[in-house]
Amino acid sequence: MSYQAEYIWIDGTEPTRKLRSKTRIIADGKKPIIWGFDGSSTNQANGHFSDCVLIPVFACPDPLRGPGDILVMCEVLNADMTPHPTNTRAAAAEVAKKYASFEPMFGIEQEYTFFQNGRPYGWPEDGYPAPQGPYYCGVGGSKMPGRDIVEAHTLACIRAGLGIEGTNAEVMMGQWEFQIGVLDTLAVGDQLWVARWLLERIAEEFDVDVSFDAKPIKGDWNGAGAHTNFSTKQMRANGGWDAIIAGCEALGTRVKEHIAAYGVGIEDRLTGAHETAPYNKFSYGVSDRGSSVRIPGGVARDKKGYLEDRRPNANMDPYLVTRVIVETICGAASAKPAAAKKAPVKKAAAKKAPVKKAAARR
Ligand code: ADP
Ligand code: MN
Ligand code: MN
Ligand code: MN
């Protein structure tokens, strides 16, 4: 029997890319092959020469259709088969290859906000819901709008075989999170994009929109981020602490490059309030959710593990984020392996302990 392949790609919408997809029926026994689309309708070409090419790079079962149907994440190429300017995966692939010996791994915490009728899902028509406090990991009654969508999305990710690790309700009513990982540089990007597609597709059924806006509601309401957790083989190994500190220090040397890759509107979200550090002031610390980069408490205890870059926005492109992190941290480690040894543990060790802001959020 023929089956359906949903070809998914990233478009050219400015300033933040959106997902597109279309369906191809594939004959029994055949594999999804290269396809194309009209780039003039996706801000990826002009009308005179509008053919763009889709190259399948990652496929998984389609949990929303029948057995045998699949989802296919694609790269976009120009007609001459060079990477399209909107194709951020191609460059990430080069960096992943260059630093493969570090075995970089990622886990990404994707926050997002449901919207309906132009306001966060569940919010009253006029004014605001009760202030933040009860919503983070909350339960009960009218407090937790969107849980049915979250449940359907989680099940869909599991059935698709994606590396979904968990979900939680966030600090602002209507805001939620899921985590994808622990996966390598390209896989985490591929699977996060497919998980985002599934979320938007499932929310359709509920007449709800998904916003990845970094600061959907101005004022004293939490923004939406995509904390990016990172490790190398050296960090994960016994005694990985020095490599983790060296990674934090390296991140501190390229703040502008990172902020530029971490999503539109980052200045509005990284204000220093709501468990963020100001976007232009780099800091790192153990268990410190008010720093740019946090070393989880358990990692500090074990002296090995990973670091959490808390700066990326919910609307970031994971191919850009993972690429710049690998470039910076693995690049620094390759450049001066000796320097990476000396751990200026100053900041990390000095930083005050966990839980200071326990009431706030992740
Ligand atoms: P929190 O909300 O406390 O920041 P989460 O449980 O939401 O923490 O997310 C933790 C993330 O850390 C997960 O995405 C997980 O994949 C990631 N992670 C765990 N171990 C590693 C590792 N060795 N390398 C990279 N990421 C990791
Ligand atoms: Mn986090
Ligand atoms: Mn969170
Ligand atoms: Mn989290």
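Going residue by residue through the stretch 80-91, is there one that turns out to be without any contact (Cβ under 8 Å) to a residue 24 or more places away in the chain and assigned to a helix (DSSP H, G or I)?
yes
State whether one or more residues within the stretch 300-317 are among the small types (Gly, Ala, Ser), within 16 Å of ligand 1 (Cβ to nearest atom), modelled with pLDDT under 95 and more than 24 Å from Leu192 (Cα to Cα).
no
Which residue out of Gly239, Gly298, Gly285, Gly263 is under 26 Å from Ala333 (Cα atoms) and assigned to a helix (DSSP H, G or I)?
Numbers: Gly239 fails: assigned to a helix (DSSP H, G or I); Gly285 fails: assigned to a helix (DSSP H, G or I); Gly263 fails: assigned to a helix (DSSP H, G or I).
From the options Gly239, Gly298, Gly285, Gly263, the qualifying one is Gly298.
Among what's in the stretch 91-117 and is over 22 Å from Arg20 (Cα atoms) and of a type in the set (Gly, Ala, Ser), pick the residue that is most open to solvent (accessible area, probe 1.4 Å).
The residue in question is Ser101.
Among what's in the stretch 189-234 and is surrounded by 22 or more Cβ atoms within 10 Å (Cβ to Cβ) and of a type in the set (Ser, Thr, Tyr), pick the residue that is farthest from ligand 3 (Cβ to nearest atom).
Filtering the stretch 189-234 for residues that are surrounded by 22 or more Cβ atoms within 10 Å (Cβ to Cβ) and of a type in the set (Ser, Thr, Tyr), the one farthest from ligand 3 (Cβ to nearest atom) comes out as Thr232.
Residues in the stretch 285-311 that are open to solvent by 10 Å² or more (accessible area, probe 1.4 Å) and away from ligand 4 (no atom under 16 Å from the Cβ): how many?
Within the stretch 285-311, residues that are open to solvent by 10 Å² or more (accessible area, probe 1.4 Å) and away from ligand 4 (no atom under 16 Å from the Cβ) number 6.
How many of the residues in the stretch 106-157 are on the phi < 0 side of the Ramachandran plot and in a helix (DSSP H, G or I)?
Total meeting the criteria: 13.
Against the condition of a type in the set (S, T, N, Q) and either surrounded by fewer than 20 Cβ atoms within 10 Å (Cβ to Cβ) or more than 16 Å from ligand 1 (Cβ to nearest atom) (or both), how does Thr322 come out, does it pass? Reasoning before the result, please.
On the way: of a type in the set (S, T, N, Q): yes; either surrounded by fewer than 20 Cβ atoms within 10 Å (Cβ to Cβ) or more than 16 Å from ligand 1 (Cβ to nearest atom) (or both): no.
Considered against the rule, which asks whether it is of a type in the set (S, T, N, Q) and either surrounded by fewer than 20 Cβ atoms within 10 Å (Cβ to Cβ) or more than 16 Å from ligand 1 (Cβ to nearest atom) (or both), Thr322 comes out as no.
Quick one: which of Thr88, Thr82 is at pLDDT 95 or above and either loosely packed, with under 12 Cβ neighbours inside 10 Å or farther than 24 Å from Ala160 by Cβ (or both)?
That would be Thr82, the only listed residue that is at pLDDT 95 or above and either loosely packed, with under 12 Cβ neighbours inside 10 Å or farther than 24 Å from Ala160 by Cβ (or both).
Which residue is surrounded by the most Cβ atoms within 10 Å (Cβ to Cβ), if the candidates are limited to the stretch 159-180 and must be closer than 15 Å to Gln191 by Cβ and more than 11 Å from ligand 4 (Cβ to nearest atom)?
Selected residue: Ile180.
Taking strands (runs of 3 or more DSSP E) that do not extend beyond the stretch 1-61, which have at least 1 residues that are among the acidic types (Asp, Glu) and loosely packed, with under 15 Cβ neighbours inside 10 Å?
Fully inside the stretch 1-61 and qualifying: 35-38, 51-61.
Looking at Ala243, is it away from ligand 4 (no atom under 16 Å from the Cβ) and more than 18 Å from the chain's Cα centre (by Cα)? Break it down stepwise before answering.
Values: away from ligand 4 (no atom under 16 Å from the Cβ): yes; more than 18 Å from the chain's Cα centre (by Cα): yes.
In short, yes.
The values are calculated or read from the model by the stated rules, or taken from the named source; none is laboratory data. These numbers come from a predicted model, not from an experiment. As a convention, Cβ positions derive from the backbone with ideal geometry for all residues, glycine included, and neighbour counts pool all protein chains shown. Accessible surface areas use protein heavy atoms only, side chains included; no ligands, DNA or RNA. Shrake-Rupley method; radii C 1.70, N 1.55, O 1.52, S 1.80 Å.
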